[in-house]
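Novice: Structure incoming, see below.
What follows draws every value from the coordinates through simple rules; no lab data is involved. Please read these numbers as outputs of a predicted model, since none were measured by experiment. Note: ideal-geometry Cβ built from the backbone for every residue, glycine included; neighbour counts use all protein chains shown.
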Amino acid sequence: MAFILPQRWRTGRFGPHGTIAAWPGKLLPDADGPTRVTLTTLCVFCGSSDSVDPAYLAAAADLGRLLAERELSIVYGGGRTGLMGALAQAALAKGGRVVGVLPRFFDTPALAERSLSELELVDSMHERKARMAELADGFIALPGGFGTFEELFEILTWAQIGLHQSPIGVLNVQGYFDPLIELIEHAAAQGFIYGEHRQLLQIESEPGALLERMTAYQPAGDLARWVDRRSEPG
Ligand code: AMP
């Protein structure tokens, strides 16, 4: 079964394999310094649970407001519960643009946020993730559960194999992701994750600092190494 990539990722070149992604993000030369990424639309992955410390909900709302203030569009899973709802409602209240991409089977009054700038209904979870990735030029994970982990790791995996070069950030609210970061460091120390791939993940505890880091993100030069199976340089 063929995996269908978004149209704009089907062009370009990837080493000997003949396929890479045209990069959805844009690198623009900066007059006074290093090249910086221009972000326009951020995809946010985050928890749908309401049964969490209110500090997590507040952090999602803070991020939503910040993105609205910076006139950055949000793409997310379209839910109204948990951090998803807090993020979307706070951004909308600040006049932000929020696009939800929701599987039809989640389109219920209990789950779907109906007041979004746009709500796209899709037929499957896979279609939803491909569509969210297609719309965004950067990705942020907030605290969440299995769904959030899965979305974060899939977009990291796509970066690892060169399907995109967009920045990926984690908002490490109250150290929520510390055990996950420890696991990633462990996997890298054991040789399961290449050193340069560890750098694919930007981690900050404050939304403003995270956006700054993502904007300054420079993709590592030789991400095709995973596909080529070459050993660590030097
Ligand atoms: P979780 O972290 O397990 O709560 O899953 C949250 C992530 O999975 C979100 O980023 C969504 O894309 C998706 N998701 C899970 N539950 C829902 C829901 N009730 N409504 C919309 N999206 C959901």
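Novice: Over all directions, how big on average is the projection of the convex hull of the alpha-carbon atoms in the range 39-217, in square nanometres?
Specialist: Working: hull surface 37.6 nm².
Averaged projected hull area, Cα only: 9.4 nm².
Novice: May I pose another question? Can you tell me which of 91-99, 114-122 comes out highest on packing, and rank the rest after it, using the mean Cβ neighbours within 10 Å?
Specialist: Details: 91-99: 18.6, 114-122: 15.1.
Order by mean packing, descending: 91-99, 114-122.
Novice: List the residues whose amide H sits under 5 Å from the amide H of G145, counting only those 5 or more places along or on another chain, with H placed 1.01 Å from N in the peptide plane.
Specialist: Close amide H contacts, sequence-distant or interchain: G47, S48.
Novice: In sequence order, what are the phi-derived ³J(HN,Hα) couplings for the range 155-170 according to the Karplus relation 6.51 cos²θ - 1.76 cosθ + 1.60 with θ = phi - 60°, rounded to whole Hz, with x for glycine and proline?
Specialist: 6, 5, 5, 5, 5, 4, 9, x, 6, 8, 10, 7, x, 10, x, 10
Novice: For the range 46-143, rounded, prolate or oblate, judged on the Cα gyration tensor with a ≥ b ≥ c (square roots of eigenvalues), a/c < 1.5 rounded, else prolate if a/b > b/c?
Specialist: On the way: a/c = 1.56, a/b = 1.20, b/c = 1.30.
Oblate.
Novice: I've got another one for you. Just want the answer: with Cβ charges of +1 for Lys and Arg and -1 for Asp and Glu, which residue in G96, F146, W158 is farthest toward the dipole's positive end in the range 72-168?
Specialist: The residue sitting farthest along the positive end of the dipole is G96.
Novice: Amide H neighbours of V170 under 5 Å, at least 5 residues apart or on other chains, H built in the peptide plane: list them.
Specialist: A141, Q202, I203, E204
Novice: Treating only the Cβ of Lys, Arg, Asp and Glu as charged (+1, +1, -1, -1), what charge dipole size does the range 39-217 show about its Cα centre? Round to the nearest 20 debye. Provide the component values of the computation, followed by the final result.
Specialist: Details: 12 positive and 23 negative charges, 71 e Å.
Result for the range 39-217 is approximately 340 debye, rounded to the nearest 20.
Novice: Given a Förster radius of 25 Å and the C-beta distance between Q218 and I181 as r, what FRET efficiency does 1/(1 + (r/R0)^6) yield to the nearest 0.05?
Specialist: That pair, Q218 with I181, gives E of 0.75.
Novice: Rounded, prolate or oblate: which fits the range 127-228 when a ≥ b ≥ c are the square roots of the eigenvalues of the alpha-carbon gyration tensor, with rounded for a/c under 1.5 and prolate only if a/b beats b/c? Don't skip to the end; give the middle numbers.
Specialist: Numbers: a/c = 1.32, a/b = 1.10, b/c = 1.20.
Taking the square roots of the gyration eigenvalues as a ≥ b ≥ c, the range 127-228 is rounded.
Novice: Can you tell me the FRET efficiency between A189 and E150 if r is taken as the Cβ-Cβ distance and R0 is 25 Å, rounded to the nearest 0.05?
Specialist: Working: r = 24 Å, r/R0 = 0.95.
The computed FRET efficiency comes out at 0.60.
Novice: If amide hydrogens are placed 1.01 Å from N in the peptide plane, which non-local residues have theirs closer than 5 Å to the one on T40?
Specialist: Result for T40 returns D137.
Novice: In sequence order, what are the phi-derived ³J(HN,Hα) couplings for the range 92-109 according to the Karplus relation 6.51 cos²θ - 1.76 cosθ + 1.60 with θ = phi - 60°, rounded to whole Hz, with x for glycine and proline?
Specialist: Ordered by residue, 3J(HN,Hα) equals 5, 4, 8, x, x, 9, 10, 10, x, 10, 10, x, 3, 6, 9, 7, 10, x Hz.
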